[in-house]
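These notes are about the structure you will find just below.
The values are calculated or read from the model by the stated rules, or taken from the named source; none is laboratory data. Note that the structure is a prediction, hence the values are computed from the model and not measured. Positions of Cβ are generated from backbone atoms using ideal geometry, with glycine treated the same way; all protein chains shown enter the neighbour counts. Protein only, heavy atoms only, side chains kept; ligands, DNA and RNA dropped before computing areas. Shrake-Rupley method; radii C 1.70, N 1.55, O 1.52, S 1.80 Å.
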Amino acid sequence: MEKSETQILKEKLFRTKKNGWENIEENKKKKIFEFSKEYIDFINEAKTERECTKKFTEILENNGFKNIDNLNTLKAGDKVYYINRYKNVYAAVIGSDDLVKGFNIIGAHIDSPRLDLKPNPLYESNELALLKTHYYGGIKKYQWVNIPLSMHGIIMTKDKKIEINIGEKDDEPVFTIADLLPHLASEQNKKKLNDAISGEDLNILVGSIPYETEEEISEKVKLNILNILNKKYGIVERDFVSSEIEFVPAMKARNLGFDESLVAGYGQDDRVCAYTSLKALLNIENPKRTAICLLADKEEIGSMGNTGMSSRVFEYFLNQILNKTIGNKPGLLDTCLKSSRVLSADVTAGYNPNFQSIYEKNNESYIGHGISVIKYTGSASKGGASDANAEFVGYIRNLFEKNNIAYQNSEMGKIGVGAGGTIAYILADRGSDVIDCGVPVLSMHSPYEITSKFDIYNAYKAYEVFYKDE
Ligand code: MN
Ligand code: MN
């Protein structure tokens, strides 16, 4: 049937909202699924910022990137990286244009919400050994009990650094936090969701066998655990004070759904954007503008610290690029940053049909509708948002439309129902054009976050065209 004039007019004038899987070509679908398979392997292998940094360094080295500190000069086409304190990655492909014209930067973060150990974590209570934790990032605490947890991180003893990773392999033990049984939970059930499990309730069960001895001594279960750790790693209790141990969900990331269109797994905020932005950089050869991928730590607790986005180590890396190409001079970096374009590659909330009253359906991100472009985050008053200029939003949408990238423009929930922030404002402070642009996620910050393979692939393609654009 032929379309009526009114139908044609409507199609011309209305903003169309489209499910990306509709009418998708078979070979494109295949590519999307293949890309996601590698992504799932990655998130199963790299569950913390340190493990991401290690894996990304390996990937960069294997793709011709060199540590910038080992090079005296740089020329167009060169590929370099810098690792900041094992937790923070910067990588660049040097452009042929005058660097003063600015860089194309994509910034994601590689820290995720989790349970950190307190400095003095180990104790015994009623013949069980437990570890005290201090949660990191915004979590709904009730979600973190009764799930398998694995232990990741490092312990600095007096004379060595010990790397720990227990609970990921099938033949290794896991750990968990024991919640109250429903039979005895009538008081707990009356509490507000946020108070039902308190921060001090997040104590991880790690053992129950007492140290074997005829002697009458106290805390034999704790002693037995310390003895096991001492035999295995050579550590004593005091060594926990100089450790960074993170407990994360031990579940494996998997395909989700009968159609396997989704990915379920821990830490996709923001490893989904970190992975796609780094993978996209690997495709960049001889760009005009210098393409830079930065992967920050500490975003989930406010971007402070020397490995967070607020750290000036990023400027150190950029200054090194200037020193080794055109020669640096005072104020030059400010000029470069002022002319730079930045994508703050961070996830956003996907529309969740279980909680429809929270969303304003005209302005949300939909799973399977492509990458989300977010002009401003912030709270009810837009407080705390960097708010991209319309000119830059216009540039981004034209770029995506020209390159057939599926994208959507959204906020996050109804006004006043909550707030969220990203690293966008920090880079905007330095004078660059910045906009948030990332993958929509369901159950964000939970132990098992959900993304769409279609959106993951579109993020990868969006980041690639952004790096390349002149
Ligand atoms: Mn994030
Ligand atoms: Mn987050």
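List of remarks:
- Its Cα gyration tensor gives region 299-413 an equivalent ellipsoid, and the semi-axes of that ellipsoid, as √(5λ) in whole Å with the largest first, are 33, 19, 13.
- Distance violations [Cα-Cα > 18 Å] among K101/K338; K37/K402; K18/K382; K87/K298; K132/K222; K18/K375: K37/K402; K18/K382; K18/K375
- The C-alpha atoms of the chain define a longest principal axis, and helix 49-62 lies at about 50 degrees to it.
- Simple Cβ-charge dipole of region 114-249, Lys/Arg +1 and Asp/Glu -1, about Cα centre, in debye nearest 20: 580
- Counting only Cβ charges, +1 for Lys and Arg and -1 for Asp and Glu, the dipole size of region 1-81 around its Cα centre is about 300 debye.
- Listed by chain and number, the aspartates and glutamates whose C-alpha is less than 16 Å from the C-alpha of K66, apart from same-chain residues fewer than 8 away, are E58, D78, E285.
- Ordering 452-462, 374-384 by mean Cβ neighbour count within 10 Å, with the highest value first, yields 452-462, 374-384.
- Sequence-distant aspartates and glutamates (8 or more away, or on other chains) whose Cα lies within less than 12 Å of K140: D195
- For region 13-28, 3J(HN,Hα) computed residue by residue from phi via the Karplus equation (6.51, -1.76, 1.60; θ = phi - 60°) reads 9, 7, 6, 8, 10, 9, 6, x, 6, 4, 6, 6, 5, 4, 6, 6 Hz, glycine and proline entered as x.
- Only Lys, Arg, Asp and Glu carry charge here, each on its Cβ (+1 for the first two, -1 for the last two); on that basis the chain has a dipole of about 1380 debye about its Cα centre.
- Hits among aspartates and glutamates - C-alpha to C-alpha of K10 under 16 Å, sequence gap 8 or more where chains match: E2
- Across the options W21, I83, M156, the greatest Cα extent toward the positive end of the charge dipole of the chain (unit charges at beta carbon of Lys, Arg, Asp, Glu) belongs to W21.
- Applying the Karplus relation 6.51 cos²θ - 1.76 cosθ + 1.60 with θ = phi - 60° to region 285-291 yields 3J(HN,Hα) values of 10, 6, x, 6, 8, 5, 9 Hz, where x marks Gly and Pro.
- Across region 114-249 the C-alpha pair distances fall into 5 Å bins from zero in the proportions 2, 10, 17, 22, 19, 14, 9, 5, 2, 0, 0 percent.
- Expressed as a whole percent, the accessible surface of the chain that belongs to carbon and sulfur atoms is 50, based on a 1.4 Å probe.
- The chain: angle of helix 313-324 to the longest principal axis, Cα-based, in degrees nearest 10: 50
- Kirkwood hydrodynamic radius of the chain, from the reciprocal of the average inverse Cα-Cα distance over all distinct pairs: 24.0 Å.
- Counted by Cβ distance under 9 Å from N194, the other residues give a net charge of +3, where Lys and Arg count +1 and Asp and Glu count -1.
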